[in-house]
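Participant: Before I ask anything, here is the structure I am working with.
The values are calculated or read from the model by the stated rules, or taken from the named source; none is laboratory data. Since this is a predicted model, take the numbers as computed values, not measurements. Please note: Cβ atoms are built from the backbone with ideal geometry, for glycine as well, and neighbour counts cover all protein chains shown.
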Amino acid sequence: MKEFNMVLAGVGGQGILLAAEILGTAAVKEGLNVRVSEIHGMAQRGGAVVSTVRIGESVFAPTVLDGQANVLLGFEPFETLRNLKFASEKTLVIMSEERIPPTELTAKMMSYPSLKEVEEKIHSFTRKLIIVDAPMLSKKAGSLLTQNVVLLGASAATEKLPIKNESLIDAITELIPAKYLDVNVKAFKFGYEFVKKTMAKS
């Protein structure tokens, strides 16, 4: 495989950097060439965070060029919109329903777009969109803090990732403290099953 590009976008506190680290660790376990980076981000809760994961023989730098993402993993709808520059008609967008209105919207008295408006805007770039009820699935797994792993499971179910499920689970086992492991493995499974069912219906 020459090149696979993934962009993860959301806000601080959603576990984006951990999700990127899990993807990177899983790729390394398979002997793949991988570059992971945080493009820009604020550690405080609520600040925009973007991370990129690039895998493949021809990957030398961590940055993804505009329009070159194979997968855009949106942890939050508004932040997904903000990062559509990475998408093209070939890009698969996987997006959580969890809405965390950014502070500047409130400051500028602007309204948060509806999910329908977000969908329409994404469809102007690509028809490939999967919306995941990550809050519901993470709650079902036992912790709202596992939404990042729900989204990794959702990504794995699309079969777009050049990484095996076993490697992702191994990386989760390695990077997540033992006491939280069970809920995170459940979260991965629920995200995976949700997308498999969604794809079977479409």
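To keep it simple, each residue is scored yes or no on (1) in contact (Cβ under 8 Å) with a residue 12 or more places away in the chain; (2) not in a helix (DSSP H, G or I).
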site	(1), (2)
Tyr112	yes, yes
Glu120	no, no
Thr126	yes, yes
Val150	yes, no
Glu159	no, yes
Glu166	no, no
Asn184	yes, no
Phe188	yes, no
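Participant: What residue, of Lys29, Lys108, is in contact with a helix residue (DSSP H, G or I) (Cβ under 6 Å, 6 or more places away or on another chain) and either modelled with pLDDT under 95 or buried (at least 16 other Cβ atoms within 10 Å of the Cβ) (or both)?
Facilitator: On the way: Lys108 fails: in contact with a helix residue (DSSP H, G or I) (Cβ under 6 Å, 6 or more places away or on another chain).
The conditions single out Lys29.
Participant: Take the residues in the stretch 66-89 that are assigned to a loop (DSSP other than H, G, I, E, B) and in contact (Cβ under 8 Å) with a residue 40 or more places away in the chain; name whichever of them is surrounded by the most Cβ atoms within 10 Å (Cβ to Cβ). Don't jump to the end; show me each part of the working.
Facilitator: Going through the stretch 66-89, the residues assigned to a loop (DSSP other than H, G, I, E, B) turn out to be 66-70, 75-76, 83, 87-89.
Next cut, in contact (Cβ under 8 Å) with a residue 40 or more places away in the chain only: 68-70, 75-76, 83.
Details: Gln68: 16, Ala69: 28, Asn70: 21, Phe75: 25, Glu76: 25, Asn83: 22.
Ranking the candidates gives Ala69 first.
Participant: A further question on this structure: In the stretch 170-202, what residues are of a type in the set (A, V, I, L, M), crowded, with 20+ Cβ neighbours inside 10 Å and under 19 Å from Ala26 (Cα atoms)?
Facilitator: Kept after step one, since they are of a type in the set (A, V, I, L, M), are these residues of the stretch 170-202: 171-172, 175-176, 178, 181, 183, 185, 187, 195, 199-200.
With the extra rule that they be crowded, with 20+ Cβ neighbours inside 10 Å, the set shrinks to 171-172, 187, 195.
Once the filter is applied, which keeps residues that are of a type in the set (A, V, I, L, M), crowded, with 20+ Cβ neighbours inside 10 Å and under 19 Å from Ala26 (Cα atoms), the stretch 170-202 yields Ala171, Ile172, Ala187.
Participant: For Glu166, indicate whether it is of a type in the set (Asp, Glu) and under 22 Å from Met6 (Cα atoms). I'd like the intermediate steps shown before the answer.
Facilitator: Details: of a type in the set (Asp, Glu): yes; under 22 Å from Met6 (Cα atoms): yes.
When the stated conditions are applied, Glu166 passes them.
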